[in-house]
1. Which residue, of Ala138, Ala151, Ala144, Ala117, is in contact with a strand residue (DSSP E or B) (Cβ under 8 Å, 6 or more places away or on another chain) and either farther than 17 Å from Tyr347 by Cβ or β-branched (Val, Ile, Thr) (or both)?
2. So, in region 310-342, exactly how many residues are without any contact (Cβ under 8 Å) to a residue 60 or more places away in the chain and within 20 Å of the chain's Cα centre (by Cα)?
3. Taking region 132-169, which residues are part of a loop (DSSP other than H, G, I, E, B) and among the hydrophobic types (A, V, I, L, M, F, W, C)?
4. Going by the structure shown, is Trp179 within 22 Å of His57 (Cα to Cα), out of contact with any strand residue (DSSP E or B) (no Cβ under 8 Å at 6 or more places or on another chain), free of Cβ contacts under 8 Å to residues at least 60 places away in the same chain and not in a loop (DSSP other than H, G, I, E, B)?
5. With the condition being touching a His at 6+ places or on another chain (Cβ under 6 Å), under 29 Å from Ala119 (Cα atoms) and of a type outside the set (Lys, Arg), I'd like the helices (runs of 4 or more DSSP H) fully within region 250-338 carrying at least 1 qualifying residues.
6. For Trp84, all conditions in the list (1) modelled with pLDDT of 95 or more; (2) in a loop (DSSP other than H, G, I, E, B); (3) farther than 30 Å from Ser38 by Cβ hold save one; what is the number of the exception?
7. Among (1) part of a helix (DSSP H, G or I); (2) on the phi > 0 side of the Ramachandran plot, which single condition is Ala198 missing?
8. Pick from region 154-176 the residues that are touching a strand residue (DSSP E or B) at 6+ places or on another chain (Cβ under 8 Å) and hydrophobic (A, V, I, L, M, F, W, C): which of them is surrounded by the fewest Cβ atoms within 10 Å (Cβ to Cβ)?
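The values are calculated or read from the model by the stated rules, or taken from the named source; none is laboratory data. Since the model is a prediction, treat every value here as computed from it, not as a measurement. Here Cβ is always computed from backbone atoms with ideal geometry, including for glycine, and neighbour counts include all displayed protein chains.
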Amino acid sequence: MALTGKQHCDTLDLIRALAAGAVCVSHLRNLMFVDYRSSAGIGLAGKAFYFVSNYGHTAVIVFFLLSGYFVGGSVLRQAEAGTWNWQRYLTERMSRLWIVLIPALLLTMFWDRMGIALAGGPFYLGTEGTFDQQINVASHLGAATLACNLAFLQTLACGTYGSNGPLWSLANEFWYYLWFPACFVLLRQRRGFGAFAAAAFALATMIAFPSLLSGFGLWLLGVVLVVLEKRFPARRARTGLPWFTLASGAVFVAALVCSRLFVWSNDWIVGVPCFIFLRCILWENVRLHPAPLSRIAIRFSGFSYSLYLTHFSFILFVAAVGFGQRIQFDARGALVLLGMLALCYVYAYAVYLLFERNTKRVQRSIQKFRFLRATPAQVAPHGGSRGSIG
C-alpha cells in the first residue's frame, strides 16, 4: 500500500470486492460441496478452505458499514451544501437498486424454473441438507413474492424470491436508505410538516421491522466514519508503514477468526473492529500500490452488486443439473470451485455491462423530466455508493 493524494480510496474498493467474493465463495461451498463433517480425508488445505469459506454473512456486515460511509456520507455532504432534496435522492437510490434487481429477479426466475424442470429434487425442495437452501423454491416463484421483493419487503412480509436468498440484505439497505435521511433532516431542520412526516414514517417502520435495527446500527457506524473524517482529516504526510491500519487490520482479522472458532453470532463483534480498521485506512490515507492492483480493485468492485444479486440461483442450477448432488472437496473439487468461481464472475460481469454500468445514464435520463430537474443551485457532486451492496 502506498500514500497518495487522490480523493478516491481504492483500498475501500478492494475491501468491497473481497467482500463480494467472500459471499460468492461461501455460497459455492455450501451449495456444491458436502459439509465439513461429511468430507472424507481432506488435508490441511481442505480444512483451511472450509474455515475461510464461510464468511458470507460477515461480508454483508462490511457492506453495511461501507454503505453507511458512502450513501450516508453523501446525504451529510449535500445537506451541508444546501443541495439535498428527497426527489433527487430517491431517484438516484431507487434507480441504483432497481437497475440490477429487476434483471436479477428475472434471471432468478429463469434459472429456477429451468432447474426445477430439468432436475428438481432435493436441491429445489430444500432437502439436500445445505444450510443456504432449505425452502421449496417453486413456492417462492409467485407473482406476489416477485412484487414483494421489488418493494424491498422480503424477510419482512414475504420470503426472498425463488432461490435467491442473498436478496435478504437488499431489504435492509433500502430501509436504511430511507431511515437515515428522514431522521437527519428532522434533526437538522426541526420544522416543517414534511420533515416530521418522514421521521414519523421512519419511526413507525422501525417499530414494525425490529429485525433490521441491529444492521442499521452497523450502517450508522459507516456514517460516523464520515463525521470523524470531517473532524479529524486524513494525514497529509506519512513516513514508514501505516502502523495504525496494520494494527487495526490484525485486530479485525483476529475478530474474524474468533467468530469462527467460538461461534460468536453477534454481528457487532466483527462490525466494531471493521469500523476501527476502516477509520484507520481513511485517517492514514492508505491507497493501493502498484497501479495495476488499484485498477483491478476498482474494476471488481464496480460489478460487485451484480455479482451479489445474480450468483446464487446460477450456482444452484449448476449444482442440481450439472452434478445432482454435493461433491467432496478434493483435487477435482478444487478445480470445480475455481471453474465455478470464474463462471460466476463472467456471468456477473455480463450483467454489469448490460445493466449496472448504465446506472448514471438512466439517472440522467430520469432527471431530464421537468418534475425531477434540479435547478443550477441544486447541482452538486454526489458521493458515490461504491461501498453499498446496491
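1. The match here is Ala144.
2. Of the residues in region 310-342, 1 are without any contact (Cβ under 8 Å) to a residue 60 or more places away in the chain and within 20 Å of the chain's Cα centre (by Cα).
3. Narrowing region 132-169 to residues part of a loop (DSSP other than H, G, I, E, B): 132-136, 141-142, 151-153, 155-157, 159-164.
Hits for region 132-169 are Ile135, Leu141, Ala151, Phe152, Leu153, Leu156, Ala157.
4. Criteria not met by Trp179.
5. Helices (runs of 4 or more DSSP H) meeting the threshold: 304-317.
6. With respect to (1) modelled with pLDDT of 95 or more; (2) in a loop (DSSP other than H, G, I, E, B); (3) farther than 30 Å from Ser38 by Cβ, Trp84 is out only on (1).
7. All conditions are met except number (2).
8. Trp168
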